[in-house]
Amino acid sequence: MIGRRFGGTRLMRVSAGIVAAALVSGCAAGGTSPASSAAPASSPPVPVKPQQKAGPPGVLPRPGEVKAIAPAGSVLPVISSIPTTRKVVFLTIDDGWEQDPGFVRQVREQRIPITAFVMRDAVEALGAPDPAGGVGKYVGRGKWSYFRQLRDAGVPIENHTLTHPDLRTLGYDAQKAEICGSSKLIREHIGTRPTLFRPPFGNYGAGTLRAAKACGVEALLLWTATVQPGGKIAYQVPDKRLRPGDILLLHFRPNLARDFRILVDKIRRRGYELGNLDAYLKAALRRAK
Ligand SMILES: [Zn+2]
């Protein structure tokens with residue numbers, strides 16, 4: 001019941017239960033999905049707005065634009081998309097293996113709004129990198145300093161566990177160790193405490209929600225579409241179109257800067273803007289600013 005979006009069910013909360021691995025695969029298991037976009041030829045070009053010179057990157061919600069997430073019923077909100085009718089989508093990037101300095105420059109100079117979900121073993125290049133994106137030149141090159149540079153470019157650094165396990169296979173204490181351990185490490189190296197958690201592969205259960213809450217997380221963040229090498233969008237909806245409020249998932253993989261240019265062009269050609277996820281979540285969760 002969770003993680004997929006059908007019809008009008010744009011945003012979901014969970015009370016309990018185990019989530020099937022129904023999401024288009026995130027992270028290491030993905031990369032070869034046959035579902036990819038073909039840009040509709042009928043989309044007229046949309047002029048790109050002048051870039052912001054100050055303030056957080058990405059468009060901010062207008063008053064009353066974002067529907068609220070009902071506060072009752074679940075340990076933590078589980079969010080796959082933002083409830084808005086505005087043509088705005090959100091970019092999130094996971095893991096952290098490939099640490100290309102050119103991508104930091106791109107994010108900083110173009111003020112592209114992204115949210116990073118990092119996991120320790122990728123940031124510190126422990127073990128074998130995610131093979132889905134090919135061999136990278138910058139695996140583990142900057143480690144945590146790379147993500148401090150992204151932080152300085154306005155990128156929130158959020159929690160994606162220490163070792164990228166399938167959390168459904170772990171007991172509560174082991175899940176808590178993964179999530180709290182990651183938050184502690186991010187706080188030490190980045191200086192901020194994560195408020196968002198993305199479970200590896202999108203897999204989680206009731207214990208995950210309790211563990212994440214115990215670690216200070218305010219929401220579980222899933223996604224509605226993945227972006228494959230080459231900037232192709234793999235949708236989780238049958239009609240293969242972007243929808244207002246979609247959350248897109250990318251990875252720190254080789255050629256990210258190039259793929260990003262292609263993707264951002266595609267999003268803008270379709271008349272969408274890039275939103276500031278933190279501001280939209282605040283509006284959806286009615287958090288105090
Ligand atoms: Zn991942």
Review point. Is it true that some residue in region 141-161 is farther than 24 Å from Ile247 by Cβ, over 20 Å from the mean Cα position of the chain (by Cα) and touching a residue at least 40 places away in the same chain (Cβ under 8 Å)?
Key: yes
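Of Asp130, Asp166, which residue is closer than 28 Å to Pro229 by Cα, at pLDDT below 95 and acidic (Asp, Glu)?
After ruling out the rest, the residue left standing is Asp130.
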Review point. Filter region 53-76 for residues that are at pLDDT 90 or above and small (Gly, Ala, Ser); which is nearest to Thr115 (Cα to Cα)?
Key: Gly58
Review point. Would you say Ile179 is aliphatic (A, V, I, L, M), closer than 18 Å to Gln99 by Cβ and crowded, with 19+ Cβ neighbours inside 10 Å?
Key: no
Check your understanding: Of everything in region 169-226 that's within 21 Å of Thr115 (Cβ to Cβ), free of Cβ contacts under 8 Å to residues at least 40 places away in the same chain and of a type in the set (D, E, K, R), which residue is nearest to the ligand (Cβ to nearest atom)?
Key -> Glu178
Exercise for review: Kindly list the number of the only condition in (1) away from the ligand (no atom under 16 Å from the Cβ); (2) of a type in the set (Ser, Thr, Tyr); (3) surrounded by 22 or more Cβ atoms within 10 Å (Cβ to Cβ) that fails for Tyr235.
Suggested key: (3)
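The values are calculated or read from the model by the stated rules, or taken from the named source; none is laboratory data. Keep in mind the model is a prediction, meaning the values are calculated, not measured. Cβ sites come from the backbone with ideal geometry, for glycine too, and all protein chains shown count toward neighbours.
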